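The values are calculated or read from the model by the stated rules, or taken from the named source; none is laboratory data. Predicted model, so just to flag it, every value in this text is computed and none were measured. Here the Cβ positions follow ideal geometry from the backbone for every residue, glycine too, while neighbour counts run over all protein chains shown.
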Amino acid sequence: MRRPAVFLDRDGVLNRAFLIDGVPHPPSSLDELEVLPGVEEACRLLREAGYLLIVVTNQPDLARGTQRVEVVDEINGALRRRLGVDDVFVCPHDDADDCDCRKPRPGMLLAAAVAHEIDLSESVMVGDRDRDIAAGRAAGCRTVLIGEGYGRPPVPPADLTAGDLRSAVDWIVRQKEFSSTSM
């Protein structure tokens, strides 16, 4: 039986992103990892509602040689343990690599759907950038934009815009409840 998932972008949704010249960047080490307020509670509530929690994160600093895979793995492992995340999918490429996994393409979501028997039509992609929303749409998911997209509103727009993950939980859970009552 296929299950719904909440696909979560990492930096800017689960943990603090560092803005440098208006561009969000990931933490450079485990010491810089700061889980955002309300995220632990949000993840607990989403799990209780029956969602799988799947992190899908672009990490182009790996391709650029400015980050080590061990550090990315260490950060992802810490988030997985602390938040009860079911799996983490990482795209280590940069835009020039033209891969299928880098958001805005839906490759990571599609791979997760196969690996975990996820019903994409009942799932939600939560991100803080236009490329997250585009990936979610391309995979057939509902979408939530956290924050204001760093000045780049998603096209098409997200189904919901919320200030943070915790404030989006009630809407996400209602989507699941609505789907189950309309069958």
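Values as computed for the structure displayed
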{"quantity": "Residues of region 78-109 satisfying the condition of being assigned to a helix (DSSP H, G or I) and loosely packed, with under 14 Cβ neighbours inside 10 Å", "calculated": "ARG81, ASP95, ALA96, ASP97"}
{"quantity": "Matching residues, region 72-104, being over 17 Å from LEU62 (Cβ atoms) and not aliphatic (A, V, I, L, M)", "calculated": "ARG80, ARG81, ARG82, GLY84, ASP86, ASP87, PRO104"}
{"quantity": "Set ALA135, ALA139, ALA112, ALA168: member being surrounded by 14 or more Cβ atoms within 10 Å (Cβ to Cβ), more than 24 Å from HIS93 (Cβ to Cβ), small (Gly, Ala, Ser) and at pLDDT 95 or above", "calculated": "ALA168"}
{"quantity": "Residue check for ASP132: in a helix (DSSP H, G or I) and among the acidic types (Asp, Glu)", "calculated": "yes"}
{"quantity": "Residue within region 34-56 that is among the hydroxyl-bearing types (Ser, Thr, Tyr) and over 18 Å from GLY136 (Cβ atoms) present", "calculated": "no"}
{"quantity": "Test: residue in region 92-113 that is touching a Leu at 6+ places or on another chain (Cβ under 8 Å) and closer than 19 Å to PRO27 by Cβ", "calculated": "yes"}
{"quantity": "Any hit, region 120-127, residues being surrounded by fewer than 16 Cβ atoms within 10 Å (Cβ to Cβ) and not β-branched (Val, Ile, Thr)", "calculated": "yes"}
{"quantity": "Odd one out for PRO156 among (1) in contact (Cβ under 8 Å) with a residue 40 or more places away in the chain; (2) surrounded by fewer than 20 Cβ atoms within 10 Å (Cβ to Cβ); (3) not charged (D, E, K, R)", "calculated": "(1)"}
{"quantity": "Identity of the residue in region 16-28, in contact (Cβ under 8 Å) with a residue 12 or more places away in the chain and in a loop (DSSP other than H, G, I, E, B), that ends up surrounded by the fewest Cβ atoms within 10 Å (Cβ to Cβ)", "calculated": "GLY22"}
{"quantity": "Which listed residue is among the hydrophobic types (A, V, I, L, M, F, W, C) and buried (at least 16 other Cβ atoms within 10 Å of the Cβ), from VAL13, VAL35, VAL69", "calculated": "VAL13"}
{"quantity": "Selection within region 52-66 - surrounded by 18 or more Cβ atoms within 10 Å (Cβ to Cβ), hydroxyl-bearing (Ser, Thr, Tyr) and either out of contact with any strand residue (DSSP E or B) (no Cβ under 7 Å at 6 or more places or on another chain) or farther than 20 Å from GLY12 by Cβ (or both)", "calculated": "none"}
{"quantity": "Conditions (1) within 21 Å of PRO106 (Cα to Cα); (2) not in a strand (DSSP E or B); number of the one not met by ASP31", "calculated": "(1)"}
{"quantity": "Of all residues making up region 142-153, the number that are surrounded by fewer than 21 Cβ atoms within 10 Å (Cβ to Cβ) and either modelled with pLDDT of 95 or more or of a type in the set (Lys, Arg) (or both)", "calculated": "1"}
{"quantity": "Residue within region 55-70 that is aliphatic (A, V, I, L, M) and without any contact (Cβ under 8 Å) to a residue 24 or more places away in the chain present", "calculated": "yes"}
